[in-house]
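See structure below.
What follows is calculated from the coordinates using simple rules that are stated; it is not laboratory data. Keep in mind that this is a model prediction, so the values were computed, not measured. Note: ideal-geometry Cβ built from the backbone for every residue, glycine included; neighbour counts use all protein chains shown.
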Amino acid sequence: MKMDLCDLSPSYVRSIAPYQPGKPISELAREMGLDEAGIVKLASNENPRGIGPRTRAAIDAALGDIARYPDGNGFELKQALAKRYSVDIGAVVLGNGSNDVLELMALAFLGPGRAAVFSQHCFAVYPLATQARGARSIVVPAKDYGHDLEAMAKAIDDETYVVWIANPNNPTGTFARGAALEAFLRKVPERVLVVLDEAYNEYLAPELRADSVKWLKRHPNLVITRTFSKAYGLAGLRVGYALAHPSVADVMNRVRQPFNVNSLALVAAAAALDDMEFVARSYAENLRGMQQIAEGSRKLGLEFIPSYGNFITIRVAQGGKSAAEIYKRLLRRSVIVRPVGGGYGLPEHLRVTVGTAEENDKFLRALAASVRE
């Protein structure tokens, strides 16, 4: 063959560096000959408590219909979300995880000749989704590892169609308060869509949770995305959603794949939405675990970024040791965390999911041995 068929793809697609997920437990076990049972995975911001009993019962009850296609419109889950947030059912868009919803936004509203604004140290999907549509990325330098909202507002130009904001932000865990976000929304032109990614909203202290859904009435260009993968414990089933002006939701649903949320995910999410006791316990356990890891990091003399999510990003590079080397040493000690160099721009840091008390303790012991080795 005289030509490389890869060249048939647009140049902006060929230049994409694929998203790198957290290393699976089974992969580490194969690579290093480790016992899977002894491996602790703190790399993907999953809920260490698993799922609640109501959710498990709903999944068990749905198994009998697994041979049939799911409800392509997800009516029952949409109805439950519309009721919970007092929005029209036409304002709800379902996705195969909130990543899918973010991709739908990019697919529906970005393309060549258009641009998107996002912050340095942002969630990796924003630049990937933007680039995959041939749109231009406008990257705004971070302020104290978080969003500089004033600078982001000024960065919007005539080609900007989308602004991406994660709150709390992944991987830094930083948080912008409601008043600051509302002020930002007032500055953004109505023709620019603002995607407010609230994947970690349930981990915020109650007094910090702004009622962002109410902003939808005042700002029809606002799109809120959330997920069942974090506090609700459904990362493996992949279900997320967006709340948006019905006209925006309509366009997103036009590019959505049929049956993009599977049957088990639909029933599990509907059940999990009502299990607020499970979510409250997950929040409380996460708070204790965050304090445990923060205190352990302080004892080791390691700096970290104060986090409002279910993870903490620690600066581990010191004394001539790189974060990449510490990461490898942790793997050898059966602990998986997340490197955040590369596209995240934090080469001296590692991101650590808050696990159970026992998992956090194993991580801290492994970290102490790794930095002293």
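Listing for the model above:
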| item | result |
| --- | --- |
| Separation of the residue 207 and residue 144 label points, Cα + 7 Å toward Cβ, nm | 1.7 |
| For segment 214-296, alpha-carbon Rg relative to the globular expectation (2.2 N^0.38 Å, N residues) | 1.38 |
| Distance cut-off 23 Å, percentage of C-alpha pairs in segment 146-237 lying past it | 23 |
| Contour minus Cα-Cα distance for residue 63 and residue 332 (0.36 nm per residue) | 93.0 nm |
| Coil-residue GluC sites (Glu not before Pro) of segment 88-176, DSSP, other Cβ within 10 Å capped at 14 | 159 |
| 5 angstrom amide H check on residue 163, placed H, neighbours 5+ away | 117, 193, 194, 195 |
| Order by protection proxy (mean Cβ within 10 Å, highest first), peptides 128-138, 30-40 | 128-138, 30-40 |
| Out-of-range pairs (alpha-carbon distance over 21 Å; input 41/362; 78/187; 143/217; 78/230; 143/230; 143/187) | 78/187; 143/217; 143/230 |
| Label-to-label distance, nm, for residues given as residue 12 and residue 247 (7 Å Cα→Cβ offset) | 2.4 |
| Rounded to 5, percent antiparallel among DSSP beta bridges of the chain | 50 |
| Calculated P(r) of segment 251-323 - Cα pairs past 19 Å, % | 61 |
| Tensor-based shape of the chain (alpha-carbon gyration tensor, a/c under 1.5 rounded, otherwise prolate or oblate) | rounded |
| Value at 222 nm in deg cm²/dmol, rounded to 500, when DSSP H runs of n ≥ 4 in the chain each add -39,500 (n - 2.57) | -11500 deg cm²/dmol |
| Spatially proximal aspartates and glutamates relative to residue 214 (Cα-Cα < 14 Å; intrachain offsets below 8 disregarded) | 88, 182 |
| Whole-angstrom Cα spans of segment 13-128 along principal axes, big to small | 51, 46, 28 |
| Cα convex hull of segment 243-373, projected area averaged across orientations, nm² | 11.2 |
